[in-house]
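No value in this document is a laboratory result; all are computed from the given coordinates. All values derive from a computational prediction rather than experimental measurement. Virtual Cβ from ideal backbone geometry, glycine too; neighbours counted across all protein chains shown.
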Amino acid sequence: MTPIEIALEEARAAALRGEVPVGAVVTDAAGRVLGRAGNRVEQDRDASAHAEILALRQAAAARGSPRLPGCTLTVTLEPCPMCAQAASFFRVKRVAFGAYDPKGGGVEHGARIYAAPSCHHVPEVVGGLRERECGDVLRAFFAGLRGAGAAGAGPREAEVNGAKAEGEGLGGGN
């Protein structure tokens, strides 16, 4: 499996737990998986338990170091400002993501963390990996929430797993 496929698997598992479906994976230069996670904000009752943070922590533990040079963080959604800054602090070489997040993103949108003069480490950024598929997982989740009304039930498994990869790369839209 490719890193974005692993991240999508984690996102779908998060959705089935009732979490916002974002998945992340950290790989080393040889492509070995050092950490992988889906959001666990609700489960852990921890607003910082984003997929990226959890995967970065696992990778650092696996490496026995607080720094991850040569590693790539791959995530299904453009990282928020907190996660973008964490990737910088962990010194990852590359941040790759699927869907763009015009409202909450912190890389290409919003705070644009890596463009700030206070950012001491700027990773390479690649956006739009399987953008449509990553966005579809999120859209299915939120459509399921809207359909559940006050009951608050998460999406049905078929809605989350039924997303189709209709296009890759930039320009897929969200």
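When the Cα positions of 123, 20, 66 are compared along the charge dipole of the chain, 66 comes out farthest toward the positive end, with charges on each C-beta of Lys, Arg, Asp and Glu. Between residue 89 and residue 1, the FRET efficiency from the beta-carbon distance, with R0 = 25 Å, is close to 0.35.
Rounded, prolate or oblate for the range 1-78? Axes are the square roots of the Cα gyration tensor eigenvalues, ordered a ≥ b ≥ c, and the cut-off for rounded is a/c under 1.5. Oblate, since a/c reaches 1.5 and b/c is not below a/b.
Taking all Cα pairs closer than 8 Å and separated by 6 or more residues, the relative contact order of the range 3-161 comes to 20 percent.
Does the range 3-161 come out rounded, prolate or oblate by the C-alpha gyration tensor, with a ≥ b ≥ c the root eigenvalues, rounded set by a/c under 1.5 and, if not, prolate when a/b is larger than b/c and oblate if not? Taking the square roots of the gyration eigenvalues as a ≥ b ≥ c, the range 3-161 is prolate.
Per residue, the average separation of C-alpha pairs within less than 8 Å and at least 6 apart gives the range 68-143 a relative contact order of 33 percent.
Could you please report the charge total around residue 41, scoring K, R as +1 and D, E as -1 over all other residues with beta-carbon less than 15 angstrom from its beta-carbon?
Every neighbour counted, the sum reads -2.
Per residue of the chain, the DSSP helices (runs of n ≥ 4 H) give a summed -39500 (n - 2.57) that works out to -11000 deg cm²/dmol at 222 nm. Shown here for the range 1-74: trypsin sites (Lys or Arg not before Pro) in loop regions (DSSP other than H, G, I, E, B) with at most 14 other Cβ atoms within 10 Å, namely 17, 32, 45, 67. For the pair residue 103 and residue 139, label points projected 7 Å from Cα toward Cβ lie 1.5 nm apart. Gain on full extension, evaluated as 0.36 nm per residue between residue 65 and residue 29 minus their Cα-Cα distance, stands at 11.4 nm.
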